[in-house]
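The values are calculated or read from the model by the stated rules, or taken from the named source; none is laboratory data. Note that the structure is a prediction, hence the values are computed from the model and not measured. Glycine also receives a Cβ, built like all others from the backbone with ideal geometry; neighbour counts cover every protein chain displayed.
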Amino acid sequence: MSSVLIAAQDGLHRDGVLVALEGRDVTALARASHGWMAVTNRSEVHDVDPGFATTSLGMATEQIDSVASFEGRPVIGVGDARLEIVHEEMHRDVPFDTAPGRSTWYTPWGGPPAVRSLDQGPDGLRWVNVHVGGVLVDDGSGWRPTMDIDNDVHQVIADPVRPASAWAAAAIGLGWTTDGGASWSWTDEGMHASYARAVAVTGETVFVSGSDGPGGRNARLYRGVAGGPLEPCAGPYKENIDTGWVTASEDTVAFLTPNGKVMVSSDLGTTWEEAFRVQGPRAVLVA
């Protein structure tokens, strides 16, 4: 079974052992070509090497909501749904500031929208999920929206091996595209409710969380394949399995529960074990 990295309120854990950024609230975590990137206190970006030595890459002037690696460089989602590229210092991604449809982005509670998740595929396509603003993609020629923003997407991930393909967890269920976002397919077949917040994929198997709604009642983890029905494989829980709380690689799958359990499966979700616990879970990755 592969190792599991967990971002938590007291630092970065590997398989339940605190290994880096002790005493800091690790609020976001992402893979990078050299290892990983971590965000602490929603304000500082760190490089994390395979030996868990950390280097600060700088402080943001606005709250950091998400992090990813684009072309090997850390990119963060900040403030009012903006992107900043971390390269010696923070640089605003100016084209994203004028992305089509920006004036229509919103939140149900009236606050500013946010870059909730972002990812880059093996073909170089860059995917960004704005909440609430749908999913945008950039193939190098500029940002373009790919769907109705009221689908209410909570996470987008690029398929790790299939070009032009991505997956989305939204209020209307599980979505996927195989044509660079030109079209999306959606399903909630087999789910007890369509409200989804987290998604992960490995090989042909996709995992998505579902609950009764924003309050998170009856939260469950589902698995399936594109185009097929989903089946529950864990839960129910009293609160949502949130954005960034599900991860998968090869046969290892892991997810977080709100009370800090780290559930791990080595057989693509057929069986689960509570591998360890952390205080204040934030994000999880198969290392």
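Per-structure values
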read-out: Subset of segment 251-271 (residues that are in contact with a Gly (Cβ under 8 Å, 6 or more places away or on another chain) and either polar (S, T, N, Q) or part of a strand (DSSP E or B) (or both)); value: Val253, Val262
read-out: Test: Val4 is in contact with a Leu (Cβ under 8 Å, 6 or more places away or on another chain), within 24 Å of Ile85 (Cα to Cα) and either surrounded by fewer than 23 Cβ atoms within 10 Å (Cβ to Cβ) or not acidic (Asp, Glu) (or both); value: no
read-out: Within segment 7-23, tally of residues that are under 14 Å from Phe276 (Cα atoms), modelled with pLDDT of 95 or more and surrounded by fewer than 23 Cβ atoms within 10 Å (Cβ to Cβ); value: 4
read-out: Any hit, segment 272-282, residues being in contact with a strand residue (DSSP E or B) (Cβ under 9 Å, 6 or more places away or on another chain), buried (at least 18 other Cβ atoms within 10 Å of the Cβ), part of a strand (DSSP E or B) and of a type in the set (Val, Ile, Thr); value: no
read-out: Every residue from segment 182-211 that is assigned to a strand (DSSP E or B), surrounded by fewer than 16 Cβ atoms within 10 Å (Cβ to Cβ) and in contact (Cβ under 8 Å) with a residue 40 or more places away in the chain; value: Ser185
read-out: Among the candidates Ser194, Ser209, Ser183, Ser165, residue that is in contact with a Leu (Cβ under 6 Å, 6 or more places away or on another chain) and under 22 Å from His131 (Cα atoms); value: Ser209
read-out: Residues (more than 23 Å from Asp159 (Cβ to Cβ) and part of a loop (DSSP other than H, G, I, E, B)) located in segment 213-230; value: Gly213, Pro214, Gly215, Gly216, Arg217, Asn218
read-out: Single unsatisfied condition, Asp150 versus (1) under 26 Å from Pro74 (Cα atoms); (2) outside any loop (DSSP other than H, G, I, E, B); value: (1)
read-out: Lone qualifier among Thr146, Thr98, Thr107 - being surrounded by fewer than 20 Cβ atoms within 10 Å (Cβ to Cβ), under 19 Å from the mean Cα position of the chain (by Cα) and hydroxyl-bearing (Ser, Thr, Tyr); value: Thr107
read-out: Val26 vs. criteria more than 20 Å from Val135 (Cα to Cα), among the β-branched types (Val, Ile, Thr), out of contact with any Cys (no Cβ under 9 Å at 6 or more places or on another chain) and surrounded by 16 or more Cβ atoms within 10 Å (Cβ to Cβ); value: yes
read-out: Residue match in segment 219-230 (condition: among the basic types (Lys, Arg), surrounded by 21 or more Cβ atoms within 10 Å (Cβ to Cβ) and closer than 16 Å to Leu29 by Cβ); value: no
read-out: Residue within segment 61-74 that is at pLDDT 95 or above, more than 27 Å from His91 (Cβ to Cβ), surrounded by fewer than 20 Cβ atoms within 10 Å (Cβ to Cβ) and touching a strand residue (DSSP E or B) at 6+ places or on another chain (Cβ under 8 Å) present; value: no
read-out: Tally of residues being in contact (Cβ under 8 Å) with a residue 24 or more places away in the chain and over 19 Å from Ser141 (Cα atoms) across segment 89-121; value: 13
read-out: Residue, nearest to Gly210 (Cα to Cα), within segment 221-250, restricted to residues that are at pLDDT 95 or above and β-branched (Val, Ile, Thr); value: Ile241
